[in-house]
Amino acid sequence: MEASGIGSAVNGGPKLPPPPEDEPPPGRDRLAGIQKGSSVCSRSYFVVVMVFVHVYILNVIALLFYVYYTNGNNHGVEGPTPGPPAPTTGTPAPQHKARLRHEQDNSPYTYLPRLEGIKVGHTQKVELVLNKVHDVKTLSLKPLLFEIPHFLTEEECKLLIHLAQLKGLQASQILPVDGYKEAMENLEISKADIFNLLDHNQDGQLQIKEVLTHSRLGNGRWMTPENIREMYTAVKADPDGNGVLSLEEFKKLNLGDFHKYLGNQRITMSDLVRNSQHTWLYQGEGAHHVLRSIRQRVIKLTQLPPEVVENSEPLQVVRYDAGGHYHAHMDSGPVFPETACAHTKLTTNESAPFETSCRYVTVLFYLNNVTGGGETTFPIADNRTYEEMSLIQNDVDLRDTRKHCDKGNLRIKPRQGTAVFWYNYLSNGKGWVGDLDEFALHGGCLVTEGTKWIANNWINVDPNKERQLWFQQEMARYAKDENESQKDWTADTSYKDVHVDL
């Protein structure tokens, strides 16, 4: 998807033409030799992002120590941390466990089907509409990504745009809010500890890309290597001008100077992580027949249980004007003991302090032909290995969709009526949701001319099978109870009038 990031925080509710589709894009293996290192989804890093997702880069720098302080002296290394075990969350209320086990044994689904990719370029036939066969073409295996031409008709595309305009669109991201000063005043941290957490390779030198990596999912201004150098110059942080900070140089810094510098910078929408407008269209019972038909086609395409799709998010319609973009991101977040899936949290009496979007599948529809730019990029699709720090090399940031979309491994040109869908998670080997697929990193390239319209369907599945099944049972119970009105939080209904980006 191109219109939403990985989730919400506490209590939150890029031009060269694309390569021919029958040829592998250039540079597909240019990062192949790099060994897998620390993950974007490491637990400590994830918690920092979720807590301070609306804060500037320096907020993140300062508050990385929050994780260090609460998780013990492990300096952000993945794996178990010393101290008491994390509290168990996401378990249904005790009085309902027996019924859950009984109904789980008789559940209409015990695993989640996944389409086979076979190989890049492979095409399989699927009947999505009566007497009409669609081609489903494999675009990549990492992530497992497919393209379906003519999924929507021209008339359906125009209708979705019209309905979105009638509903009214809202900016997908607002300008960042400054919360740095207060955060700094509330933390007693040493600069040595901050430096150590930022020093990804532990070589005693803080490189620009190490700083950028830690701010990659921030929901504020998009920081570039040029931005960091300008900031270093303004606050005299890098006396020798080599772009690298030693521990001694870092200790001499006044972090308040960074705050003051950032606060004085003029920020426009083009400076943000995303620059678009969107709205949500209800797809549940009683919705427009085209919206209902699209949902039924999605069920046939993905082969997922109907109740799972029906209880997922409604359709999001997004408009990118000239200059619009969305830097590379993930649609979903990993679920750690500190997090809960947004869609199952209420029904399972979750006590986890953070929530994230658990979007097992993304289905993206192109609603028009874009005059210039606007491709969907998967920068590291089908790379042999993944290593987060390799995303930034010699000031080329593969996540930057305003400047470097042409350097990504795979780019998909918008064609009206075409759908693409991919899995954001791997399989756990037992037919359920596994780890987050890091190769699903994607973004919306800069629209250089005209307007781009897309729509997104996300299918929500909790990696915790017990929580997901409990959620489905509760949703079914409320739907069947004629004596009780539909709860405000039931999946599709709760999005009908939403005006925030998830």
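The values are calculated or read from the model by the stated rules, or taken from the named source; none is laboratory data. Keep in mind the model is a prediction, meaning the values are calculated, not measured. Virtual Cβ from ideal backbone geometry, glycine too; neighbours counted across all protein chains shown. Note: areas computed on protein heavy atoms with side chains; ligands, DNA, RNA excluded. Shrake-Rupley method; radii C 1.70, N 1.55, O 1.52, S 1.80 Å.
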Residue 341 passes all but one of (1) at pLDDT 90 or above; (2) in contact with a Leu (Cβ under 7 Å, 6 or more places away or on another chain); which number fails?
-> (2)
Would you check which residues across the range 188-215 are assigned to a loop (DSSP other than H, G, I, E, B) and modelled with pLDDT of 85 or more and list them?
-> 199, 202, 203, 204
Could you tell me which residue of the range 276-292 is farthest from the chain's Cα centre (by Cα), considering only residues that are at pLDDT below 95 and on the phi < 0 side of the Ramachandran plot?
-> 285
Filtered residues of the range 216-270 (kept if in contact with a strand residue (DSSP E or B) (Cβ under 9 Å, 6 or more places away or on another chain) and in a helix (DSSP H, G or I)) | 225, 227, 232, 247, 249, 250, 262, 269, 270
Please determine, by comparing only the residues of the range 139-150 that are of a type outside the set (Asp, Glu) and under 18 Å from residue 375 (Cβ atoms), which one is surrounded by the most Cβ atoms within 10 Å (Cβ to Cβ).
-> 145
Among 446, 426, 502, which is the only one that is buried (at least 19 other Cβ atoms within 10 Å of the Cβ) and either acidic (Asp, Glu) or modelled with pLDDT of 95 or more (or both)?
-> 446
Per the list (1) in contact with a Lys or Arg (Cβ under 9 Å, 6 or more places away or on another chain); (2) more than 23 Å from residue 453 (Cβ to Cβ); (3) at pLDDT 95 or above, residue check on residue 315 breaks on (2)
Name the pairs: first residue in the range 258-270 and at negative phi, second residue surrounded by fewer than 14 Cβ atoms within 10 Å (Cβ to Cβ) and in a loop (DSSP other than H, G, I, E, B), Cβ to Cβ under 7 Å, at least 6 apart or on different chains?
-> 267/175
Name the strands (runs of 3 or more DSSP E) wholly inside the range 320-416 in which the number of residues that are open to solvent by 10 Å² or more (accessible area, probe 1.4 Å) and aliphatic (A, V, I, L, M) is 1 or more.
-> 410-412
Within the range 262-281, the residues that are crowded, with 18+ Cβ neighbours inside 10 Å and over 30 Å from residue 315 (Cα atoms) are 262
